[in-house]
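The values are calculated or read from the model by the stated rules, or taken from the named source; none is laboratory data. Everything numeric in this text was worked out from a predicted model, so none of it was measured. Heads up, the Cβs are rebuilt from the backbone with ideal geometry, glycines too, and the neighbour counts pull from every protein chain shown. Protein only, heavy atoms only, side chains kept; ligands, DNA and RNA dropped before computing areas. Shrake-Rupley method; radii C 1.70, N 1.55, O 1.52, S 1.80 Å.
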Amino acid sequence: MTEAPPGAPASHLPREGRAAVADARVRHNDYGPLRPHDLGDGEPRLTVSVVIPAYDCQEALDRTLAGLAAQSYPSHLTEVVVADDGSDPPLRIPELAPVNTRLVRVPEGRWGRGWARQTGAATAGGDVLHWIDSDMILDREHLEAHMRWHHLASYTVVLGDVRFTPDEAGPSAQEVFSAVDSGDAEKLFETSAPHTWRAGVLEETRWLRDAGAGAYRLHSGATTSVSTALLRSVGGVNTTLNMGEDTDLGFRLAQAGAVFIPDPQARSWHLGTSTVMRREKEVHRHNWSVLPDLIPDLRWLRSHPRRHWLVPYVHVVVDARDASYEDVRATVDAALAGTVVDVTVTVVGPWTALTGGRRSSLDEPLLDMRLTHNLYAHEPRVSFAEEAPRTSAPAPFRLTCPAGWVLGADSLAELVKLAEREEYGLLSVVLDEGAEGVRAIRLERTAAFARAALLIAGGHGADTLTTEATEATEATDNMVHELFGSFWAGADQFDLTTAGQAESVTGDPAKWRADSARWRREAKRLEGEVKDLRAEAEHLRAEIGQLEGKRPRGPLREIIATAIGQGKTG
């Protein structure tokens, strides 16, 4: 996340008197249990920073700011930050604008929507950050509709309702202010329509209540709001992206535990159609060259069998402490060799103790750790850590596996498949039971554990949370079970074995695919032969039928012999 540009004006929003948000528990993305107040009611207390990325659009910006000047949400709780993306001449703040409106410039040499959004966000002082495009007109109660959800839960991401007008021409700024202020903004436009694809998704998913892990795909920068703290916890906007940055941000917010809420009463109008609506195939062609590296669950864009990707689908954690080199190797190699290829592995151990000083190559105390580090020092998919990372985000799944246990070729694929199908937050596979209790492999959904952590940190379930690590884990698991569900299974159900029982060579997914392709080709060839034989058999039956018609009482052998003698069967 970028810092505020040097000399940028500071936020003047009030800092005192803010009440903590009493987070409600939302299961998956079903926000139905949340009960926001009716528009016009409620006692707002949270501050909001409206951030507008803008470039060479003074006239459109004037209209947008005029609509914001007439909002029903209290002006003393609102600020507007216009992020000028290098306009020439520079943009200016018109007279008809909200009181707390200021302008920041994208740093010299930087450009694009990612930089503009993040530059504005870096200077925002509100509890909530509300993105809007510079060619939008918001209904009078638009901000209020967004903010009522944020007063209910700190992890909500609210999506406004956007309708598109036929062309970019619009009313004057004064006309916009008058219409919005009187609650008649809709009368500014003769016709407008929603984005067809978005409307279809909303209808199919009960307005995202049934969208599950894919709800983030409707996240758009046109009019979206999010807790500033949640935004900063995921690192802000990706400044390297000039397109698709809103989808990337939505995915990372989802991994942080966000719930996505589309509000039809947060009405707004976009002047003209969007770039996606005008040039959909070209936009997809561009974005699909970038987003596969960043968003692992776009599985159809990760079909290459040997590619490495920036963000893994599954992050595997193996604890190598007190384990033999052979056991660690068996576990790590199996994780890397499975049919889920976009995997990374973190091996946990006291790596800083491996000094470069003189030592006995065969008898040093940490020999097994040394050998493990030697083996994977240059493997890009393997990293080393003293402790297990707090989170695996933005990877959507984490698998923790004890050293010495080996995943089968499809074990990880089947675990993830079950978790995705049933939307589980946690899958536990029992390995064995000893004096220290049950030992298990755990597949954790990153988003589920992130949301549980937010709720526990906010006091929900804190009464069961103690300083004991085991009890803390149990409290978190219980919260995950409540929010997403969990499931226990046996090792034999997912082809898990010990290093001693596993085959010495785990194999190569590429070879498995090649063998599969060869068998498919052979099956196709055999199917062709069978088809030819069936055709020949039908031909013989027809010939026999003709001969039987000529000699109905003759034995079958004589008929065939006669046919062969006449050369009719070939």
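Pairs, please: C-beta under 8 Å, at least 6 apart or cross-chain, first residue under 19 Å from residue 257 (Cβ atoms) and open to solvent by less than 40 Å² (accessible area, probe 1.4 Å) and in the range 385-410, second among the small types (Gly, Ala, Ser) and part of a loop (DSSP other than H, G, I, E, B)?
Within 8 Å, the pairs are 398/392.
Could you grab me the full set of residues in the range 516-570 that are charged (D, E, K, R) and modelled with pLDDT of 85 or more? Break it down stepwise before answering.
Going residue by residue through the range 516-570, those that are charged (D, E, K, R) are 518, 520-522, 524-525, 527, 529, 531-532, 534, 536, 538, 541, 543, 548, 550-551, 553, 557-558, 568.
If the condition is that a residue be charged (D, E, K, R) and modelled with pLDDT of 85 or more, then 525, 527, 529, 531, 532, 534, 536, 538, 541 are the ones that fit.
Among the numbered criteria (1) under 22 Å from residue 253 (Cα atoms); (2) of a type outside the set (Gly, Ala, Ser); (3) touching a Cys at 6+ places or on another chain (Cβ under 8 Å), which one does residue 135 miss?
Answer for residue 135: the failing condition is (1).
What number of residues in the range 309-354 are closer than 17 Å to residue 444 by Cβ and of a type in the set (Val, Ile, Thr)?
Count: 11.
Just a yes or no: is a residue in the range 196-207 open to solvent by less than 50 Å² (accessible area, probe 1.4 Å) and among the basic types (Lys, Arg)?
Yes; the residues of the range 196-207 include at least one that is open to solvent by less than 50 Å² (accessible area, probe 1.4 Å) and among the basic types (Lys, Arg).
Return the total of residues in the range 55-90 being among the hydroxyl-bearing types (Ser, Thr, Tyr), in contact with a helix residue (DSSP H, G or I) (Cβ under 6 Å, 6 or more places away or on another chain) and open to solvent by 20 Å² or more (accessible area, probe 1.4 Å). Even if it seems obvious, please write down each step before you answer.
Here is the first cut: in the range 55-90, the ones among the hydroxyl-bearing types (Ser, Thr, Tyr) are 55, 64, 72-73, 75, 78, 87.
Next, only the ones that are in contact with a helix residue (DSSP H, G or I) (Cβ under 6 Å, 6 or more places away or on another chain) stay: 72-73.
After this cut, where a residue has to be open to solvent by 20 Å² or more (accessible area, probe 1.4 Å) as well, the list is 72.
Residues that pass the stated criteria total 1.
Residue 186 - would you say it is in contact with a strand residue (DSSP E or B) (Cβ under 8 Å, 6 or more places away or on another chain) and not β-branched (Val, Ile, Thr)?
Criteria met by residue 186.
Checking the conditions here, which among 359, 329 is farther than 30 Å from residue 230 by Cα, in a loop (DSSP other than H, G, I, E, B) and open to solvent by 60 Å² or more (accessible area, probe 1.4 Å)?
Selected residue: 359, the only one of 359, 329 that is farther than 30 Å from residue 230 by Cα, in a loop (DSSP other than H, G, I, E, B) and open to solvent by 60 Å² or more (accessible area, probe 1.4 Å).
Hey, could you check the range 256-275 for residues that are more than 24 Å from residue 141 (Cβ to Cβ), open to solvent by 10 Å² or more (accessible area, probe 1.4 Å) and in contact (Cβ under 8 Å) with a residue 40 or more places away in the chain and say which is farthest from the chain's Cα centre (by Cα)?
That would be 273.
If you check residue 335 against the conditions, is it more than 30 Å from the chain's Cα centre (by Cα) and at pLDDT 95 or above?
Against the criterion (more than 30 Å from the chain's Cα centre (by Cα) and at pLDDT 95 or above), residue 335 does not qualify.
Scan the range 182-195 residue by residue and report those that are open to solvent by less than 80 Å² (accessible area, probe 1.4 Å) and assigned to a helix (DSSP H, G or I).
The answer is 185, 188.
Looking at 346, 400, 391 in this structure, which one is of a type in the set (S, T, N, Q), in contact with a helix residue (DSSP H, G or I) (Cβ under 8 Å, 6 or more places away or on another chain) and within 20 Å of residue 428 (Cβ to Cβ)?
391 is the lone residue from the list that is of a type in the set (S, T, N, Q), in contact with a helix residue (DSSP H, G or I) (Cβ under 8 Å, 6 or more places away or on another chain) and within 20 Å of residue 428 (Cβ to Cβ).
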